[in-house]
1. Indicate the gyration tensor shape class of region 42-98 (rounded, prolate or oblate), computed on the Cα atoms with a ≥ b ≥ c the square roots of the eigenvalues: a/c under 1.5 is rounded; otherwise a/b larger than b/c is prolate and the rest oblate.
2. Take the alpha carbon gyration tensor of region 151-302, find the square roots of its eigenvalues, order them as a ≥ b ≥ c, and report rounded if a/c is under 1.5; if not, report prolate when a/b exceeds b/c, else oblate.
3. When the Karplus curve 6.51 cos²θ - 1.76 cosθ + 1.60 is applied with θ = phi - 60°, which whole-Hz ³J(HN,Hα) does each residue of region 127-142 get, with x for Gly and Pro?
4. Go through region 102-111 residue by residue and turn each phi into a ³J(HN,Hα) via Karplus (6.51, -1.76, 1.60, θ = phi - 60°); whole Hz please, and just put x for glycine and proline.
5. Roughly speaking, what is the centre-to-centre gap between region 36-84 and region 120-194 when only Cα atoms are used, to the nearest Å?
6. Run the dipole for region 13-171 about the Cα centre, Lys and Arg Cβ at +1, Asp and Glu Cβ at -1, nothing else charged, and hand back the magnitude in debye, nearest 20.
Amino acid sequence: MTRRLAPLVAVAAFALPTALHAHEGRALAPHDVWSAWTWEPAQVALLAVAAALYALGTRALWRRAGTGAGVTRGEAAAFALGWVALFVALVSPVHAMGEVLLTAHMAQHELLMAVAAPLLVLGRPLVPALWAVPQPVRRTAGALSKRPAVSRSWAWLTRPGPATAVHAVALWAWHVPALYSAALRSEALHALQHASFFGTGLLFWWAVLGHRARKANAGVGVFALFVTMLHTGALGALLAVADAPWYPAYIRTAGAWGLTALEDQQLAGLVMWVPAGLSYLVAALWLFTCWLSESGRRAEAREATGARVMEVRG
């Protein structure tokens, strides 16, 4: 139950604040950057609630069963780092800079998809969150997750293949110039774009790095990470080598930052191509290492079992 609902809680806690934020005001200038924090009340409140639920639930778990029970120190650290990445993406000046520079906007998207999402998945947020809410709420969540339509749909969506495809479609569709430009003009579409990136990112990372996925589908997860690294790198490369700007909105704002719109786009492409690509590569190497370790443990267990059988027969 907890494994199926964790990403849903994360989406509700973190994608919704993005949807509530409005992109308003004049174009940001370089001399105003350090004052351009986005203290949107509902957004900050939901981030605070998510942090409080995790902290309270973890404390309750550790008090009941000892430090590291239910949620390890490493998982708690992963959640904390993921939360900080979300804070930087949604509240820090990175958010405001994204309105005037494609490079900053790309960095914001990668913070949501390739940094915050995997760290939050590794933090197993629903385990402590359920311990922080009253028991009737836990029972209701459990009953909902056991409904056939919910359980079957979630089981299919969290397979590496479908999750990778859904994330890829969201990523490529929103970078089509007409749709991306429409999102820059519409607050609702802009919010939907961010929610799509983060929500499908959570889905993808849950399918490859979730607690069950790491044990059952590690090899498939490595392949899914490799495929995602290739297609995101290809999109970044297309942006980086283009000979004309794809998104006209940045033509009037990039100049204040000492860049042409094309130079800004090329830098944005490099952000997606190299640093973001490295996150998938690092995750694949780590997952492959875990896979080898698990295979080694299973082989040792089989050998030990075989040795005991031989002793009994002898």
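Each reported figure results from applying straightforward, stated rules to the coordinates on display, with no laboratory input. Just so we're clear, the structure is a prediction, and the values are computed from it rather than from any experiment. Every residue, glycine among them, receives a Cβ derived from its backbone with ideal geometry; neighbour counts consider all protein chains shown.
1. Here region 42-98 falls in the oblate category.
2. Prolate, since a/c reaches 1.5 and a/b exceeds b/c.
3. Per-residue couplings from phi come out as 4, x, 4, 5, 6, 8, 10, x, 4, x, 5, 5, 5, 5, 5, x Hz.
4. Each residue's phi maps through the Karplus curve to give 5, 4, 5, 5, 5, 4, 4, 4, 5, 4 Hz.
5. Here the two parts' Cα centres lie 19 Å apart.
6. It works out to roughly 1120 debye.
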